[in-house]
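K.L.:
The structure that follows is given in the form of structure tokens.
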Amino acid sequence: MPVVPLKEIVDRAFAERYGVAAINVVNDLTMEAVLAAAVEQRAPVIIQTSVKTVRSIGIDLLFAMWRAMTAGIEVPVTLHLDHCPDREFISVCLHKGWNSVLFDGSRLPVAENQRLTVDIVAEARSVGANVEGEIEAITGVEDGIGSDEEADRESLSVALEFIRTTGIDVFAPAIGNAHGVYRAEPKLDAQRVSDIVAAEPIPIALHGGTGMTDAQFTDLIARGCAKVNISTALKIVYMKSNLAFLEGARERNSWDPPSLFAAVRADVMQMAAEQVNVHDFIESLPGSYQEPLRERGSGLSTGQKQLINFARALAHNPRILILDEATSALDPVTEARLTAALDEVMKGRTTFVIAHRLATIRNATRILVFDQGRVIEAGTYDELVQRGILLTMNGLASALRNSG
Ligand code: 13P
């Protein structure tokens, strides 16, 4: 799986309502660790660079690192320039090979922001890249960009007009989110995401991901936040991991740089793995991965049992896999992530999927529709949709709506 355009990653996430982590990296070690975590978790990831990071490393060296680290990579990845108010620098990164850019015109009058964004979208298209747009500043200063003052939010009609006129691929509205560390649990205007998506189905970027609760992520992703930005969490893990290792090195009077790199890499990978996949509930068990399972899995929810059973089946590396409603007890976010992982898992084996939900059979080679034990239709997902078949089936109609 090569490096892909941002749109390819976020459109699918948006359609199937799962979130893809967009993680700001700060150097070679963190870039490699986040990519390694994505490969290990078999999950897509968006690698973001701030303008400050690009300038501090140098655009040529940073891009050469990206090229080298993603050569032959097995999961979809994409390189994104985060908040950039500098129009010329946008062009430089687009022509260097960044897959997408966020033009941060949020301090400009909307009309001026809109005019420049139209121009940037045209330029991005000419090099096969994508554009994220914003009309209100996200609260907080990140890598020298932004302000701690909360900006006024524009009306829904202004936001929609901006999205339609500019043709951007991803929209980043202010919803009470902020960059940096939240002093208290943020109060988020989730309805604003739903209102925008209902009127204009566009993948939404959720900024200020560090410090949001699982419930907030689940809710916002289900409403259309397909790109989930994380920066501060990585910076904290990176700095604290270095500090902890160096304090230990001083105590031991042992100074071995490769051991420092390995320790920090492991911590950054773990943090990134937590953002890109769903093993949180295993981590939350008292014994984590060593937790003994009780009789019939008591103490676990139905969805958790389903995930564990799934992992157990795969541990046998079977040639034939039969999934009978394998995701029926999962929440929509976990289901969507598992469905994405299934695409990989199914490679090289024959898989039968018994499903009532369309999201799980979208990529099937052949779908058989049963009615009272008799096959009444057969074909691919697209063929059946064209013939209007799936829409007439109970349960599938709503799944089709949810999957865009
Ligand atoms: P945090 O720094 O709060 O994780 O936000 C990241 C972000 O939104 C980058 O644009």
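Just so you know, all these numbers are worked out from the coordinates, no wet-lab data involved. Note that the structure is predicted; figures quoted are calculated from it, not measured. Counting neighbours? That spans all protein chains shown, and the Cβs are built from the backbone with ideal geometry, glycine included.
K.L.:
Starting from the Cα of K187, draw a straight line to each of the aspartates and glutamates and keep only those under 12 Å, dropping any in the same chain fewer than 8 residues away.
P.N.:
none
K.L.:
For E154, list long-range residues whose amide hydrogen, built 1.01 Å from N in the peptide plane, is under 5 Å from its own amide hydrogen.
P.N.:
Here nothing satisfies the definition.
K.L.:
Relative to the Cα centre, what is the charge dipole magnitude of the range 59-167, using +1 at the beta carbon of each Lys and Arg, -1 at the beta carbon of each Asp and Glu, and rounding to the nearest 20 debye?
P.N.:
About 600 debye.
K.L.:
Can you give the extra length, in nm with one decimal, that the chain gains between I320 and R250 once fully stretched, where that is 0.36 nm per residue apart less the Cα-Cα distance?
P.N.:
19.8 nm
K.L.:
OK, next. Beyond 16 Å, what share of the Cα-Cα pairs of the range 69-134 is found? Please give it as a whole percent.
P.N.:
44 percent
K.L.:
Still on this structure, please answer the following. How much FRET efficiency would the formula 1/(1 + (r/R0)^6) give for D28 and Y182, where r is the Cβ-Cβ distance and R0 is 22 Å, rounded to 0.05? Mind showing how you got there, number by number?
P.N.:
Numbers: r = 29 Å, r/R0 = 1.34.
Using R0 = 22 Å, I get an efficiency of 0.15.
K.L.:
Hey, quick one: spin label on F89, modelled 7 Å out along Cα-Cβ, who in the range 185-229 has an amide N within reach, i.e. under 20 Å?
P.N.:
Output list for this probe position: 207-208, 229.
K.L.:
So, one more: Would you mind working out the magnitude of the charge dipole of the range 1-102 relative to its Cα centre, with +1 at each Lys and Arg C-beta and -1 at each Asp and Glu C-beta, to the nearest 20 Debye?
P.N.:
Charge dipole, the range 1-102, about its Cα centre: 160 debye, nearest 20.
K.L.:
Based on DSSP, what percent of beta bridges with both residues in the range 1-114 are antiparallel, to the nearest 5?
P.N.:
Among the beta bridges of the range 1-114, antiparallel pairing accounts for roughly 0 percent.
K.L.:
Ranked highest first by average number of other Cβ atoms within 10 Å, how do 10-18, 139-147 line up?
P.N.:
Descending mean neighbour count gives 10-18, 139-147.
K.L.:
Using the 2.2 N^0.38 Å rule of thumb for compact globular proteins, work out how the range 187-228 stacks up: its C-alpha Rg over that value, please.
P.N.:
Working: Rg = 9.6 Å, N = 42, 2.2 N^0.38 = 9.1 Å.
For the range 187-228, the normalised Cα radius of gyration comes out at 1.06.
K.L.:
For the range 20-32, in order, what is each residue's ³J(HN,Hα) by Karplus, 6.51 cos²θ - 1.76 cosθ + 1.60 with θ = phi - 60°, in whole Hz (x at glycine and Pro)?
P.N.:
Taking θ as phi minus 60°, the curve returns 10, 5, 10, 10, 6, 9, 10, 6, 5, 4, 6, 4, 5 Hz for the range 20-32.
K.L.:
How long is the gain from K240 to I376 if the chain were fully straight, where each residue apart is worth 0.36 nm and the alpha carbon distance is subtracted?
P.N.:
43.0 nm
K.L.:
Right, here's the next one. Ordered by packing density, taken as the mean number of other Cβ atoms within 10 Å over each peptide's residues, highest first, how do 31-44, 175-188 rank?
P.N.:
So the order, starting with the most tightly packed, is 31-44, 175-188.
K.L.:
Quick check on packing: order 74-83, 255-264 by the mean number of other C-beta atoms within 10 Å, highest mean leading.
P.N.:
74-83, 255-264
K.L.:
Which value, in debye to the nearest 20, describes the size of the charge dipole of the range 133-210 about its Cα centre when Lys and Arg Cβ atoms bear +1, Asp and Glu Cβ atoms bear -1, and nothing else is charged? Write down the numbers at each step before the final one.
P.N.:
Values: 5 positive and 15 negative charges, 46 e Å.
Magnitude of the dipole: close to 220 debye.
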